[in-house]
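The values are calculated or read from the model by the stated rules, or taken from the named source; none is laboratory data. Please read these numbers as outputs of a predicted model, since none were measured by experiment. Cβ: placed from backbone, ideal geometry, glycine included. Neighbour counts: every protein chain shown.
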Amino acid sequence: MRRQDFRNETDDDHLPVMVPRSDKVLIQTPPERVRRLRRHLIVTLRAIRRMKETGRSTSPASPEPEGFAARVAGTACGLCKGWCCKNGEDDAFLDEPTLLRVRRANPALNARAVLRLFVDLVPADAYQGSCIFHGKQGCTLNRSLRSDVCNSYFCGGLQNYLAGGDVATPAVVIAGEGDKMRRSPILTP
């Protein structure tokens, strides 16, 4: 594998967005992972059923970045290949507030249908040691089904870029380190 040379980059008119990079391998999703997810969902759905409606509220899914910031975020997450997704393990942070939000948004779905919805979205091939929903094309859950953790989390480099208020300046995403480093072309608004 050849090392990328960033010394030839003389254009200082762009912001560097530094993100990590995953080196996980794609493997067939083991059935025991799906069983663990299923057990977790059953326990969580039962907990929701036992909760009093007034005792637990749900929040809407966090909004995703828009415009050029969304393009930079998408490029960063694509180059990163899901480094932060490893923390999702076999439950993807799916908790009571998340499943309650899904149930309220889809009142026609009973608990069994919600369980089936999530289990059916587990990819046939997922990254080893990563979130069960982390497939070849990224997360197999759309934002409305993801946990609040997944919808609101951005790694340090991406969070700094988004919070910096300079989202109209050209940017370049640099993911990883050493021989595993990858770089995007310069992104312009």
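Given (1) on the phi > 0 side of the Ramachandran plot; (2) surrounded by 14 or more Cβ atoms within 10 Å (Cβ to Cβ); (3) without any contact (Cβ under 8 Å) to a residue 24 or more places away in the chain, identify the lone condition not met by GLY165.
Exception for GLY165: condition (2).
Can you pull out every residue in the stretch 148-170 that is of a type outside the set (Asp, Glu), more than 21 Å from SER22 (Cα to Cα) and at pLDDT 90 or above?
Passing the criteria: only PRO170.
What is the one condition in (1) under 27 Å from ARG101 (Cβ atoms); (2) not in a loop (DSSP other than H, G, I, E, B) that ASP179 does not satisfy?
Here ASP179 clears every test but (1).
Out of PHE93, PHE118, which single residue is at pLDDT 95 or above and at positive phi? Steps first, answer last, please.
On the way: PHE118 fails: at positive phi.
Sole residue among the options that is at pLDDT 95 or above and at positive phi: PHE93.
If I filter the stretch 13-32 down to residues being surrounded by fewer than 16 Cβ atoms within 10 Å (Cβ to Cβ) and closer than 14 Å to GLY129 by Cα, which single residue comes out as farthest from the chain's Cα centre (by Cα)? Lay out the reasoning, then the answer.
So the first thing to find is which residues in the stretch 13-32 are surrounded by fewer than 16 Cβ atoms within 10 Å (Cβ to Cβ), and the list is 13-14, 16, 23, 25-28, 30-32.
Narrowing further to those that are closer than 14 Å to GLY129 by Cα: 23, 25-28, 30, 32.
Values: ASP23: 16, VAL25: 17, LEU26: 16, ILE27: 19, GLN28: 20, PRO30: 21, GLU32: 22 Å.
Of everything passing the filter in the stretch 13-32, GLU32 is farthest from the chain's Cα centre (by Cα).
Hey, does the stretch 83-104 have a residue that's within 30 Å of ARG183 (Cβ to Cβ), touching a Ser or Thr at 6+ places or on another chain (Cβ under 6 Å), of a type in the set (Lys, Arg) and part of a loop (DSSP other than H, G, I, E, B)?
Within the stretch 83-104 (the criterion being within 30 Å of ARG183 (Cβ to Cβ), touching a Ser or Thr at 6+ places or on another chain (Cβ under 6 Å), of a type in the set (Lys, Arg) and part of a loop (DSSP other than H, G, I, E, B)), the answer is no, since none of the residues qualifies.
Return the only residue of ALA47, ALA108, ALA113 being modelled with pLDDT of 90 or more, among the small types (Gly, Ala, Ser) and assigned to a loop (DSSP other than H, G, I, E, B).
Numbers: ALA47 fails: assigned to a loop (DSSP other than H, G, I, E, B); ALA113 fails: assigned to a loop (DSSP other than H, G, I, E, B).
From the options ALA47, ALA108, ALA113, the qualifying one is ALA108.
Before we move on, is VAL173 of a type outside the set (S, T, N, Q) and surrounded by 18 or more Cβ atoms within 10 Å (Cβ to Cβ)?
Values: of a type outside the set (S, T, N, Q): yes; surrounded by 18 or more Cβ atoms within 10 Å (Cβ to Cβ): yes.
Answer is yes for this residue.
Just checking, which of THR58, THR54 is assigned to a helix (DSSP H, G or I), among the polar types (S, T, N, Q) and modelled with pLDDT under 90?
On the way: THR58 fails: assigned to a helix (DSSP H, G or I).
So the residue among THR58, THR54 that is assigned to a helix (DSSP H, G or I), among the polar types (S, T, N, Q) and modelled with pLDDT under 90 is THR54.
Please find, within the stretch 116-156, the residue that is farthest from the chain's Cα centre (by Cα) out of those that are part of a loop (DSSP other than H, G, I, E, B) and free of Cβ contacts under 8 Å to residues at least 24 places away in the same chain. Break it down stepwise before answering.
Quick first cut of the stretch 116-156, residues part of a loop (DSSP other than H, G, I, E, B) only: 121-124, 128-133, 136-137, 140-142, 146-147, 153-155.
Okay, now just the ones that are also free of Cβ contacts under 8 Å to residues at least 24 places away in the same chain, so 137, 140, 142.
Numbers: GLN137: 11, THR140: 9, ASN142: 10 Å.
Out of the qualifying residues, it is GLN137.
Within the stretch 105-155, track down each residue that is surrounded by 18 or more Cβ atoms within 10 Å (Cβ to Cβ) and among the aromatic types (Phe, Trp, Tyr).
If the condition is that a residue be surrounded by 18 or more Cβ atoms within 10 Å (Cβ to Cβ) and among the aromatic types (Phe, Trp, Tyr), then PHE118, TYR127, PHE133 are the ones that fit.
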